[in-house]
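Contents: one structure, followed by commentary.
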Amino acid sequence: MSPGWAHQYSGLFTQLPRFALEAYREGPRHVIHLPVAVTDLAEAVDLARTLARSLASTPQVDVGGTTVSAEDAQHVRHWVFCDRVLPDRRRCGRPADHAEACRPNDGQ
């Protein structure tokens, strides 16, 4: 497993935020897959972060769930954002595997 696997799964059993629970109660949902080809993983993560943040004001977009994978290994995903749940129930908006303390994503 990757070195940052522990914090990627640390929130696995935390309570979901209310908006997430309500989304599952509304009936069937559909996920949009938008292939974007980039030859370097770091560039792909950077582009994914930029795209996700540009769509963050759209309530249907789950920015924290943004991942990147190789075209021929789509089952191996690299998280773009930390997305750890903070004590005030907001989520960390820093990049995955960050070294600094978590902080909420306040549109920065």
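Read the figures in this text as sums done on the coordinates, not as results from a lab. Everything numeric here is computed off the predicted structure, so don't read it as measured data. With ideal geometry, Cβ positions are generated from the backbone for all residues, glycine too; neighbour counts draw on all protein chains shown.
Exposure proxy shown here: for 69, 57, the number of other Cβ atoms within 10 Å sets the order, fewest to most, as 57, 69. Here each label is just a point 7 Å from Cα along the line to Cβ, and for residue 61 and residue 42 those points are 2.5 nm apart.
On the basis of the beta-carbon distance and an R0 of 25 Å, residue 54 and residue 31 show a calculated FRET efficiency of 0.85. Taking amide H positions as modeled 1.01 Å from N, with prolines and chain starts lacking one, the residues under 5 Å from residue 94 and 5 or more places away or on another chain are 82, 83, 103.
Applying a DSSP loop filter and a limit of 11 other Cβ atoms within 10 Å to the GluC sites (Glu not before Pro) in the stretch 31-108 leaves 71, 100. Counting neighbouring beta carbons within 10 Å and listing from fewest to most, the residues 97, 83 come out as 97, 83.
Modelled this way, with points 7 Å down the Cα-to-C-beta line, the labels at residue 86 and residue 98 are 0.8 nm from one another.
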